[in-house]
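Asker: One structure follows; several queries about it will come next.
The values are calculated or read from the model by the stated rules, or taken from the named source; none is laboratory data. Just so we're clear, the structure is a prediction, and the values are computed from it rather than from any experiment. Cβ placement follows ideal geometry from the backbone for every residue including glycine, while neighbour counts extend to all protein chains displayed. These accessible areas exclude ligands, DNA and RNA; they are computed on the full protein's heavy atoms, side chains included. Shrake-Rupley method; radii C 1.70, N 1.55, O 1.52, S 1.80 Å.
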Amino acid sequence: MYFIRLFVPLQRINTLRNMKIALIGYGKMGKMIEQIALSRGHEIVSIIDIDNQEDFDSEAFHSADVAIEFTAPQAAYGNYLKAWSAGVKVVSGSTGWMKEHGDEVRQACTEEGKTLFWASNFSIGVAIFSAVNKYLAKIMNQFPQYDVEMEETHHVHKLDHPSGTAITLAEGIVENIDRKEAWAEDTTDPKLLRIDHIRRGEVAGIHTIRYDSEADIITITHDAHSRQGFALGAVLAAEYTKEHQGLLTISDMFKF
């Protein structure tokens, strides 16, 4: 069994100074993003949570260069609209809204001049892991004796499954392996990529992909130590978004 584990240190890279950031959502992620943004020389000009929605109309929020949004799926799209109405670009890690509002968001960013940087996971390590995942899938497409499956583990507070990161990784596999038509949970269909989920303790996030054959097994794993890597990635995305526009993703910021 072979393991590839990617651990990426928190480094100060390409720091842009004096950016004005608004936070939408002030839970654990919001507070960690605040700490990292301040450490990189930025200013938090507005913090919006569930009990002060009127602050979307405030002068402070309107002064932001970028808003970083981490909230619930049912609130995300409405938050984008409010931020865009104030002339503020958005970086968002909220998942679960794309099926219902994906077309409207794409239209707003491609035809109406709005800007959204969206990612299911902002971790630098996950960005690297995703690139490795796609490259490995291209190789394994030539070896049908290997079946592929995925497992994701998160903390017990995470109710949705599979994780947004798992879905993104699965899409990267399905795009590159002809024998897999789509992904699914709880399946034995060989044409589908199986994703299993585990909820345990306070696990920040573990994603494992296995290629199994009669002869051997090849495994790659990304294991997050904490949410810190996600928060740093979100701030780096905000720095990138300040200078760019449209519908942006991790692949725009990191050219692998």
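Asker: Specify the residue that is farthest from the chain's Cα centre (by Cα); the eligible residues are those in region 173-192 that are part of a strand (DSSP E or B) and over 23 Å from H155 (Cα atoms).
Answerer: L192
Asker: Which residue out of M140, M98 is more than 27 Å from I36 (Cα to Cα) and more than 14 Å from the chain's Cα centre (by Cα)?
Answerer: The unique qualifying residue is M140.
Asker: If the Cβ limit is 6 Å and pairs must be 6+ apart or interchain, which residue in region 65-94 that is touching a residue at least 12 places away in the same chain (Cβ under 8 Å) and under 14 Å from I48 (Cα atoms) pairs with which residue that is among the β-branched types (V, I, T) and assigned to a helix (DSSP H, G or I)?
Answerer: V66/T241; I68/I33
Asker: Out of (1) open to solvent by 10 Å² or more (accessible area, probe 1.4 Å); (2) more than 22 Å from S226 (Cβ to Cβ), the odd one out for N121 is which?
Answerer: (2)
Asker: Taking Q74 and the conditions (1) under 24 Å from H161 (Cβ atoms); (2) touching a strand residue (DSSP E or B) at 6+ places or on another chain (Cβ under 7 Å); (3) among the polar types (S, T, N, Q), which numbered condition does it fall short on, given that it satisfies the others?
Answerer: Evaluating Q74 over (1) under 24 Å from H161 (Cβ atoms); (2) touching a strand residue (DSSP E or B) at 6+ places or on another chain (Cβ under 7 Å); (3) among the polar types (S, T, N, Q) leaves (2) as the failure.
Asker: How many residues does region 180-199 contain that are surrounded by fewer than 15 Cβ atoms within 10 Å (Cβ to Cβ) and touching a Ser or Thr at 6+ places or on another chain (Cβ under 9 Å)?
Answerer: Within region 180-199, residues that are surrounded by fewer than 15 Cβ atoms within 10 Å (Cβ to Cβ) and touching a Ser or Thr at 6+ places or on another chain (Cβ under 9 Å) number 2.
Asker: Here is a follow-up. Considering only region 61-74, how many residues are of a type outside the set (V, I, T) and surrounded by 17 or more Cβ atoms within 10 Å (Cβ to Cβ)?
Answerer: 6
Asker: If you don't mind, another one. Among T208, T165, which is the only one that is open to solvent by less than 30 Å² (accessible area, probe 1.4 Å), in contact (Cβ under 8 Å) with a residue 12 or more places away in the chain, assigned to a strand (DSSP E or B) and at negative phi? Show your work before the answer.
Answerer: Numbers: T165 fails: assigned to a strand (DSSP E or B).
T208 is the lone residue from the list that is open to solvent by less than 30 Å² (accessible area, probe 1.4 Å), in contact (Cβ under 8 Å) with a residue 12 or more places away in the chain, assigned to a strand (DSSP E or B) and at negative phi.
Asker: Name the single residue, out of those in region 226-256 being at pLDDT 90 or above and not in a helix (DSSP H, G or I), that is most open to solvent (accessible area, probe 1.4 Å).
Answerer: Q245
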